[in-house]
Amino acid sequence: MSQKINIKDMNYGDCIKTFLMIKNIDLKKAKNDAMYLDMILGDSNGSEANAKLWNADSSMAAYKNGDLVFVDFLVQKFNNKVQLRLNTIRKSNENDPVKIEEFVEAAPDSSESMFDLIQKYIEGFVNEDLKLITSHLIELKKEKLEYYPAAKTHHHAVKAGLLYHVVTMLKLGDSISRHYEFINRDLLFSGIILHDLSKVDEMDSNELGIVEDYTKEGKLLGHIIQGINEIDRAAAYLGTNEEVKLLLQHMLLTHHYHAEYGSPKKPLIPEAELLHYIDLIDARMYTMNRVLDTAEEGGFADRSMTLEGRNMYKAQLS
Ligand SMILES: [Fe+2]
Ligand SMILES: [Fe+2]
């Protein structure tokens with residue numbers, strides 16, 4: 001029995017017993033009414049594979065995202081990809097030789113260094129109102145930002161993924177805005193820093209950055225409205241200029257762009273238009289990089305819901 005394995009080293013036909021972490025799990029019903037578990041299991045290197053356990057029963061609804069499990073499986077090929085066909089599954093316990101921390105994926109940079117970089121950007125603001133409200137809000141959420149992911153299952157779903165998302169967006173925004181001199185960089189950077197900040201109140205994450213569920217307020221309002229309310233409270237507390245407050249709220253309100261994704265209005269200022277596209281670029285690039293990591297050169301990755309169901313192609317270039 002190997003305690004930890006690398007999914008990328010497995011061969012078709014291998015029978016393996018090892019520890020893996022549940023990245024995503026669904027208890028589904030097959031056409032013949034039999035229940036099965038459809039899962040994404042991850043190793044300690046961050047590689048993932050689809051796994052199925054046929055003939056499941058309702059007791060298996062107890063397995064959750066982020067559980068470390070001991071599994072016994074056969075490595076199969078399905079649609080030219082590795083698929084793990086599970087025989088057994090059990091949750092790990094304190095007597096097992098591995099710990100969940102070894103399987104948790106984190107952003108490539110430390111939370112501290114990412115937080116410092118964000119603060120450097122804020123220190124450079126010329127507009128005092130934007131400087132004050134942005135640093136006030138980020139300080140309020142500092143503790144949770146140390147480990148919160150940017151999403152439950154979509155992009156940047158790793159420990160401190162939200163900070164990582166914001167830092168990459170700031171770097172992107174920094175370079176893009178240099179080409180358009182009419183852009184107010186303070187407003188753009190503030191929008192980038194605050195746009196998803198209320199995700200720390202929208203989702204319930206443990207300190208490993210694993211989200212079990214959304215909060216009640218998150219389900220009923222969502223991070224856009226929660227963020228707008230937060231700006232309202234902060235502006236009242238700090239005595240922020242009305243125009244600054246309104247522009248920031250507009251940035252948050254429109255950053256998902258489409259009504260069906262939670263934005264009831266389209267951007268009416270260029271900084272908000274840029275914020276939306278920078279957000280989109282970062283989420284897409286992150287996801288494309290990840291899904292292609294699972295594909296072989298000259299092959300296609302699994303369909304990704306974050307990428308509107310596309311099967312990305314892994315180019316074969318020398
Ligand atoms: Fe968002
Ligand atoms: Fe975002």
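The values are calculated or read from the model by the stated rules, or taken from the named source; none is laboratory data. All values derive from a computational prediction rather than experimental measurement. Glycine gets a Cβ as well: all are built from the backbone with ideal geometry, and neighbour counts include every protein chain shown.
Details
- Members of region 267-300 found to be away from ligand 2 (no atom under 14 Å from the Cβ) and touching a strand residue (DSSP E or B) at 6+ places or on another chain (Cβ under 7 Å), listed by number: M288, V291, L292, T294, A295, F300
- Exclusive hit being in contact with a helix residue (DSSP H, G or I) (Cβ under 9 Å, 6 or more places away or on another chain) and of a type in the set (D, E), set D43, D9: D43
- So K216, is it modelled with pLDDT of 95 or more, assigned by TED's automatic domain parsing to the domain that holds K265 and away from ligand 1 (no atom under 16 Å from the Cβ): yes
- Residue satisfying condition, being under 27 Å from N229 (Cβ atoms), touching a residue at least 12 places away in the same chain (Cβ under 8 Å) and more than 16 Å from ligand 1 (Cβ to nearest atom), within set L248, L307, L275, L268: L268
- Residues that are touching a residue at least 40 places away in the same chain (Cβ under 8 Å) and crowded, with 20+ Cβ neighbours inside 10 Å, drawn from region 45-61: E48, A49
- A search for C-beta distances below 7 Å between a residue of region 189-216 that is aromatic (F, W, Y) and any residue that is part of a helix (DSSP H, G or I), counting only pairs 6+ apart in sequence or on different chains, returns F189/Y121; F189/L170; F189/G173; Y214/E202.
- Scope region 193-209; condition more than 12 Å from ligand 1 (Cβ to nearest atom) and either aromatic (F, W, Y) or assigned to a loop (DSSP other than H, G, I, E, B) (or both); matching residues: N206, E207, L208, G209
- Residue in region 143-154 that is closer than 26 Å to N229 by Cβ, surrounded by fewer than 19 Cβ atoms within 10 Å (Cβ to Cβ) and touching an Asp or Glu at 6+ places or on another chain (Cβ under 7 Å) present: no
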